[in-house]
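To start, the structure under review is shown below, and the notes come after it.
Here, each number is a calculation from the coordinates, and none is a lab measurement. Just so it is clear, the structure is predicted and the values come from calculations on it, not from any experiment. No Cβ is skipped: glycine too gets one built from the backbone with ideal geometry, and neighbour counts run over all protein chains shown.
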């Protein structure tokens, strides 16, 4: 998977969704009905073109939600970040700082 483009990875996930559906001997229409979406949405998901909430609905219809922990395990706050935050949960990233000094215009 390393070195794949985002589009190629999305298509790979779509192919895996299709195989999971076929393994359960379900049609696109049956999955769509279980997920509460249109059949064409299932078709698009199998091509790798799907929104996150739709992907989750399809995973639920295919009884694959337990796979989410394998796909993206829950992330713990690092001890260093925890010490910096003094117990507060981090809400946003600070971004990368450049080594150049910022020049402020003189008005």
Take the chain, connect every pair of alpha-carbon atoms lying under 10 Å apart with a spring to form a Gaussian network, then pick out the residue of 21, 92, 39 with the largest mean-square fluctuation. 92
What is the chain's relative contact order, in percent, from Cα pairs under 8 angstrom and six or more apart in sequence? 21 percent
In degrees from 0 to 90, rounded to the nearest 10, what is the angle of the helix 6-23 Cα long axis to the longest principal axis of the chain? 30 degrees
Segment residue 93-residue 34, length gained on full extension (0.36 nm per residue, minus Cα span): 17.5 nm
In degrees, nearest 10, range 0 to 90: what is the angle between the Cα axis of helix 52-61 and the longest Cα principal axis of the chain? 40 degrees
Given the stretch 6-71, what whole percent of its Cα pairs are spread farther than 18 Å? 24 percent
Testing the spin-label approximation: label points 7 Å from Cα along Cα→Cβ at residue 60 and residue 76. State their distance in nm. 3.0 nm
Contour excess over end-to-end distance, with Cα ends at residue 49 and residue 25 and 0.36 nm allotted per residue: 6.4 nm
Counting only helical runs of four or more DSSP H residues, what would the 222 nm mean residue ellipticity of the chain come to if each run contributes -39,500 (n - 2.57) and the total is spread over all its residues? -14500 deg cm²/dmol
